[in-house]
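The values are calculated or read from the model by the stated rules, or taken from the named source; none is laboratory data. All figures in this text were calculated on a predicted structure; none of them were measured in a lab. Reconstructed Cβ throughout: ideal geometry from the backbone, glycine too, with neighbour counts over all protein chains shown. Just the protein is used for accessible areas: all its heavy atoms, side chains included, with ligands, DNA and RNA removed. Shrake-Rupley method; radii C 1.70, N 1.55, O 1.52, S 1.80 Å.
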Amino acid sequence: MELGVAASQRKKEHVIILRDKNDEKPFMFDINPARHIIYELSFSGFQRLINDLHLVVSKALIGIPFQKPV
């Protein structure tokens, strides 16, 4: 349900979907343009997931015009 709300309220490019590498269900056609990050259930898989999320969030935050609090 949350994914549907996010997809309807935001651009699909702003939604990040985390997906288990072993998930055999097909990608949903209506959210296929959304960013998918595939992870593996292992220690090294979670390390990669953390790095991937850090990169994606960092790139997203770079484009925000921050202002100093007054």
Of the residues that sit in the range 55-70 and are loosely packed, with under 10 Cβ neighbours inside 10 Å, modelled with pLDDT of 75 or more and aliphatic (A, V, I, L, M), which one is farthest from Val15 (Cα to Cα)? Ile62
Restricted to the range 23-54 and to residues being modelled with pLDDT of 85 or more, assigned to a helix (DSSP H, G or I) and open to solvent by 70 Å² or more (accessible area, probe 1.4 Å), the residue farthest from Ser8 (Cα to Cα) is Phe43
